[in-house]
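To start, the structure itself, in structure tokens.
Here, each number is a calculation from the coordinates, and none is a lab measurement. Keep in mind the model is a prediction, meaning the values are calculated, not measured. Here Cβ is always computed from backbone atoms with ideal geometry, including for glycine, and neighbour counts include all displayed protein chains.
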Ligand code: KG4
Ligand code: ZN
């Protein structure tokens with residue numbers, strides 16, 4: 001079965017073709033081709049994502065990207081058996097573009113469509129890597145909008161262990177970067193600058209580190225960064241790399257310690273890290289070191305599939321279909337879910 005996946009939940013337009021290995025039991029679906037257009041440059045002038053501009057750009061990009069993907073895979077549109085799209089969570093207008101185009105394609109081709117949860121896409125994206133994980137595992141989902149620890153038993157069985165009570169880890173990177181005048185998107189910029197700084201230069205809080213549960217809180221950290229930046233005044237320019245390194249260290253330490261706690265509590269010895277912040281090198285290095293010490297295997301998506309993409313949406317659809325829990329439909333009466341807890345979607 002060939003599945004076309006369309007991702008338009010935020011500021012990247014992603015399209016991909018994944019093929020399930022029909023007949024060979026246990027074989028994972030294979031990525032045949034994928035293409036991505038990032039809107040970063042367009043939103044940069046505004047210092048963040050402008051939802052209306054995002055939607056309009058998705059409209060312009062989806063079909064040309066689909067054409068590129070099909071050409072690369074050597075397939076015709078008629079060869080597609082299922083059209084999957086991100087149903088939520090995300091920006092409502094942006095989601096409507098992907099859903100609308102997916103359902104129009106489905107109707108025109110007389111093929112079923114399937115709405116996919118964006119976070120389930122991230123969660124299952126490491127299955128696209130050369131070294132895919134095995135169930136069960138603990139998942140650390142760290143994106144621009146979400147920070148969650150989940151216990152994953154199998155496709156569709158996700159138990160929330162803890163999550164952020166305010167800002168997400170990606171948001172903490174982005175907002176701190178903005179305070180330091182590093183622009184958008186802040187995460188990669190702050191991480192890049194941090195390489196040249198001293199992570200012990202500033203004492204920043206590690207929120208909820210000793211809370212005894214698996215929840216996170218990053219809003220206070222942003223305030224602490226603002227306080228430091230204000231205190232520094234004109235000296236901020238010279239100390240920016242140190243402040244960036246200290247901020248990154250605070251975020252990474254909390255993510256690593258809570259992940260280790262989740263592994264200990266569940267008794268599992270496998271960790272999957274997914275979402276945009278999973279691209280952070282410091283986070284990867286510290287998780288690798290801590291997990292190696294404890295005999296825990298860590299799996300990441302390929303670096304270029306950490307942030308939003310169509311491959312993870314096609315893959316999640318393929319794995320749900322293979323597991324017999326997806327309900328592809330032909331009524332094409334789509335709706336989108338800008339706010340959508342993963343647990344509710346998994347059982348759909
Ligand atoms: O998963 P994603 O692409 O989009 C959402 O679903 O939110 O994650 C985007 C987030 C942004 O907050 C971005 O700043 C962050 O991931 N990010 C990073 C890095 N690359 C992306 N944060 C820290 N270090 C990075 N290298
Ligand atoms: Zn995402």
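The table that follows gives values for the structure above.
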item: Residue 108 paired with residue 22, simple spin-label distance in nm, labels 7 Å along Cα-to-beta-carbon; result: 2.3 nm
item: Förster radius 25 Å - calculated FRET efficiency between residue 257 and residue 339, Cβ distance, rounded to 0.05; result: 0.30
item: Residue 304 paired with residue 41, simple spin-label distance in nm, labels 7 Å along Cα-to-beta-carbon; result: 1.7 nm
item: Computed E for residue 325/residue 63 - FRET, C-beta separation, R0 30 angstrom, nearest 0.05; result: 0.50
item: Highest average packing first - 23-34, 130-141, Cβ atoms within 10 Å; result: 130-141, 23-34
item: Label point distance in nm, residue 237-residue 52, each placed 7 Å from Cα along Cα→Cβ; result: 3.6 nm
item: Computed lengthening from residue 154 to residue 79, 0.36 nm per intervening residue step minus Cα-Cα distance; result: 24.1 nm
item: Protection proxy ranking of 3-14, 76-87, 293-304 - average other beta-carbon atoms within 10 Å, highest first; result: 3-14, 76-87, 293-304
item: Selected from 174, 110, 322 as most flexible by GNM, with the chain as the system and alpha-carbon contacts under 10 Å; result: 110
item: Nearest-0.05 FRET efficiency for residue 227 and residue 130, computed from C-beta distance (R0 41 Å); result: 0.40
